[in-house]
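The values are calculated or read from the model by the stated rules, or taken from the named source; none is laboratory data. Computed from a predicted model, the values in this text were never measured in an experiment. Quick reminder, even Gly has a Cβ in these numbers, built from the backbone with ideal geometry, and neighbours come from all protein chains shown.
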Amino acid sequence: MPSFTSNHGPLQRDRTVLVLVDVQEKLFPLMQGRLDLQRRLTSLLCGFRLLSLPVVITEQNPQGLGPTIAPLQPAVGEARVVAKTSFSCCGEPAFLDALRETERDQVVLAGIETHICVAGTAIDLLAQGYEVSVVADAVSTRLPHTHAIGLQRMTGAGVVPWTVEGVLFRLAGDSKCPEFKDLLRLVKEGV
């Protein structure tokens, strides 16, 4: 395991990895605000790809719940996709291996469902020494109150909440960065 600091510092481009949790064919249609969520997830994935940042994608029981939704597939790029059966991604050794291979210690989480797989993963990653952020406008659940509870559990445990726009601009660092105009377009499309 990499050596991590105990304090959660600002997101840094050379330390950050995106984990997209379980945005799958049979789950996604049940989510609150799914059309907005799809746009924001696309912006987030495209932004990470534009910034050449690593992405790990999980799929909960893909034989039963299907793959990551088709509209996100063009944005997936060369992301590592890990099948799992545990609700926390950390219960799947292949996920932990994929995360270690990125050599990043700041994990940004997005996906579904906020109160189950996303929150469980966030809390387990914190326990392993990772700095964890959740993109609050890029996570969802079937029921609004479970989304709020999931976010409360995570922030209460020390997870830092972000927005898609906030994460991408933080990682870009400056409006003079070569990718800024493309990031701005992505953010406007995802709102």
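For the reader, a short list of remarks on this structure follows.
- Number of the exception - Leu53 against (1) within 29 Å of Pro178 (Cβ to Cβ); (2) assigned to a helix (DSSP H, G or I); (3) not small (Gly, Ala, Ser): (2)
- Condition met for Arg39 (surrounded by fewer than 19 Cβ atoms within 10 Å (Cβ to Cβ), in a helix (DSSP H, G or I) and in contact (Cβ under 8 Å) with a residue 12 or more places away in the chain): yes
- Candidates Ile123, Ile116, Ile112 - the one that is over 20 Å from Leu53 (Cα atoms), modelled with pLDDT of 95 or more and under 13 Å from the mean Cα position of the chain (by Cα): Ile112
- For the stretch 104-191, the helices (runs of 4 or more DSSP H) that sit wholly inside it and include 2 or more residues that are touching a Leu at 6+ places or on another chain (Cβ under 9 Å), in contact (Cβ under 8 Å) with a residue 60 or more places away in the chain and buried (at least 21 other Cβ atoms within 10 Å of the Cβ) are 164-172, 180-190.
- Residue within the stretch 77-97 that is more than 14 Å from the chain's Cα centre (by Cα) and among the hydroxyl-bearing types (Ser, Thr, Tyr) present: yes
- Checked against the criterion of being among the small types (Gly, Ala, Ser) and under 20 Å from Thr121 (Cβ atoms), the candidates Gly33, Gly64 yield just one match: Gly64.
- Within the stretch 89-105, the presence of a residue that is among the charged types (D, E, K, R), touching a helix residue (DSSP H, G or I) at 6+ places or on another chain (Cβ under 6 Å) and farther than 23 Å from Thr155 by Cα is excluded.
- Pro62 meets the conditions (1) crowded, with 20+ Cβ neighbours inside 10 Å; (2) touching a strand residue (DSSP E or B) at 6+ places or on another chain (Cβ under 8 Å) in every case but one. The failed one is (1).
- Any hit, the stretch 68-80, residues being of a type in the set (S, T, N, Q), within 19 Å of Glu113 (Cα to Cα) and crowded, with 21+ Cβ neighbours inside 10 Å: yes
- Pairing residues of the stretch 68-80 that are under 11 Å from Phe28 (Cα atoms) and at pLDDT 90 or above with residues that are among the aromatic types (Phe, Trp, Tyr) and part of a helix (DSSP H, G or I), at Cβ distances under 6 Å and at least 6 apart in sequence or on separate chains, gives Ile69/Phe28.
- Yes/no for Arg100 being touching a Pro at 6+ places or on another chain (Cβ under 9 Å), under 23 Å from Ser52 (Cβ atoms) and assigned to a helix (DSSP H, G or I): yes
- Flag if Phe180 is over 17 Å from the mean Cα position of the chain (by Cα) and either of a type outside the set (D, E, K, R) or closer than 21 Å to Thr42 by Cα (or both): yes
- Within the stretch 87-115, the residues that satisfy the criterion of being of a type in the set (Asp, Glu) and touching a strand residue (DSSP E or B) at 6+ places or on another chain (Cβ under 8 Å) are Glu92, Glu101, Asp105, Glu113.
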